[in-house]
Each structure stands twice: as structure tokens, then as C-alpha cells.
């Protein structure tokens, strides 16, 4: 995209704050995954203890997810990408409820027609531990969250409102001010 998506404006907030407010409405502890170059900028919006700086050799979103695992190895993670600006708390709450109702899965992910939405999903710490061990021993060859989830024990959730999963990755976005 050429810009830091988390800092793009949406109303009086930015995309990162927008996502954070949705998670806070669910009374979830909040962590923000960033790369080292974002630390100072995101420090203007979030307390330092909420920032998790990428520390692993993984690529893409998996790098942030495994960095978060290293900081909190006993915690499961509900992931919400900041560019899913239309996501709502009801959809996130349903995800949490399913994970509590069916606790024996490694991943909980919304899908439609075999397309996964891994950036609005729940990841169990035990699955992240396995992925991190594979990364460390050199056996993790693919960093695609969707492909990794498909290889694991996952619970697929139906998407009831496709608009909540709109992923805004261009600057021709109606939410930009």
C-alpha cells in the first residue's frame, strides 16, 4: 500500500485505534503487533506495554503472531487486522463463543467457499508453540496463515455478513479523510 495502514484516518481515529476499540469492547487485553520502525509512531497512540515488536524470522502476519506468542506463550490470541475497518464486535464475540463451546481446536477461522479469513481468527497458544518450534528447527517452509491453518486442527465458522470482512488495501478507500 505504500503507507502504514494502521495510521490511516477513519473518522476521528486511525485504523489501529478503531480495531483496538472493538477489542476493548469485548474486555480483551490488547496488544499491537508492529515492526521496529513503527515503535515511536505507535507509542503516540498506545502504551509501550501494549506494543509487541516483531522479533522472529517468520514473514508476513505470522511474524507478528509468533512475536506475540513469545511475549505471552500461555495465551491464545484473537487476531484482528486493522484494515478490516468494518468488522463488528458481534462477529468477534461469536468467534470467542465458538472457541469456548468447542475448545478442542487449534484455530478458529471464518471461511466462505473454502477461502479463510486468518486475520480475524483465534489462535491457540499450543498451535503457536508448534509453529514456533518448526520455525526454530527450520522445518517451517511456508508462512501463509491460511495454508498453516488448513494443515492443522481448525474450526471453520460461517460468514453471515461478508461486508464485515472487507479488507481495505488501497488508497482509493471511502474511509480515508
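Please treat every number below as a calculation from the coordinates, not as lab data. Predicted model, so just to flag it, every value in this text is computed and none were measured. Note that we place each Cβ from the backbone using ideal geometry, even for glycine, and neighbour counts take in every protein chain shown.
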Original post:
How would you order 137-143, 110-116, 127-133 from highest to lowest mean count of nearby Cβ atoms within 10 Å?
Top reply: 127-133, 110-116, 137-143
Original post:
In nm², what is the average projected area of the convex hull enclosing the Cα atoms of the stretch 52-116?
Top reply: 5.7 nm²
Original post:
So how much slack lies between residue 9 and residue 133, counting 0.36 nm per residue of separation and subtracting their Cα-Cα distance, in nm?
Top reply: 40.9 nm
Original post:
Under the rule of -39500 (n - 2.57) per DSSP H run of 4 or more residues, summed and divided by the residues of the chain, what mean residue ellipticity at 222 nm is obtained, to the nearest 500 deg cm²/dmol?
Top reply: -9500 deg cm²/dmol
Subject >> Space enclosed by the convex hull of the alpha-carbon atoms of the chain, per residue, Å³ >> reply: 125 Å³
